[in-house]
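Bear in mind that the values in this text are calculations on the coordinates, not laboratory data. Computed from a predicted structure; not experimentally measured. Cβ coordinates were reconstructed from backbone atoms using ideal geometry, including for glycine residues, and neighbour counts include every protein chain displayed.
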Amino acid sequence: MSHHTLLLGDTETPLARGMTALDTARRSSGAAALSAPRAVLAFADLRDDTRRSGPERLRTLAALSLTAAARQPSVRHLIFAVMLAPRHAGRFDRIASALGARLHSDLERDRGRDVEVTFLDVSDCTDVPGLTERLLDRCDDPAGLHGVVVLDWADIRERSIAYAARTEYL
C-alpha cells in the first residue's frame, strides 16, 4: 500500500481486520505520519439494524467521511464496505447510489476535487485477505473515472473494483 487510509465506522468487524491490522502496523512504524491519506475507508455493519436505522447510520457515516475528506486534500477515494441483513439488500443499491452521488457532487462543488465514491455490499464475503487486497487496490486507483460505483462481493470476488466498475458501465 503506497498511501495510508483513514479508517472510520465499525472497524472491529471481522471483515475490517485486514485493514485495521495494516493501519496499526503502519502507525506503530511511524509511516502514517509521512504520507497523506489517499482514501477514507468506512466500514458499516448494518446486519442488526432496522429498515430505518440502517440507512440513517449509513448517512451518518457518509457525513463523517465527507468531513474527513474535506479536511484532507489528498483524499481521492471514499470507500464504504457495508454488511447488510438479507432483508435490506434490495434497497442498498438505491440508497448507496443516492448517497454516493451527493458525496461526489458535494466534494466537487465545495472543494473542487473529483473524488471516487465506492459502496460495496460485502455481506457475503468470507475472504478477509481478498477483500483487503481489493480495498488496497481501490485506494491506489486513479480518480475521475467513474464518480460513483455500487457493487457487491460477487462483482469483485475474482477481479478488481476498477474492473468491475468498468464492466458495470459498459
List, in order, the whole-Hz ³J(HN,Hα) value for each residue of segment 150-165 obtained from phi through the Karplus relation with A = 6.51, B = -1.76, C = 1.60 and θ = phi - 60°; use x for Gly and Pro. 10, 9, 10, 4, 4, 5, 10, 4, 10, 8, 6, 5, 4, 5, 4, 5
Compare A85, A143, A21 in a GNM of the chain, Cα atoms joined below 10 Å, and give the one with the largest fluctuation. A21
If you average the sequence gap of Cα pairs under 8 Å that are 6 or more apart and divide by the length of the chain, what percent do you get for the contact order? 23
Give me a comma-separated list of calculated 3J(HN,Hα) values for segment 136-143, in order, Karplus coefficients 6.51, -1.76, 1.60 applied at θ = phi - 60°, integers in Hz, x for any Gly or Pro. 5, 4, 5, 4, 9, 5, x, 8
Size of charge dipole - the chain - debye, nearest 20, with Cβ of Lys, Arg +1 and Asp, Glu -1, no other charges: 420
Gaussian network model of the chain, Cα within-10 Å springs - most flexible of H77, H104, H88: H88
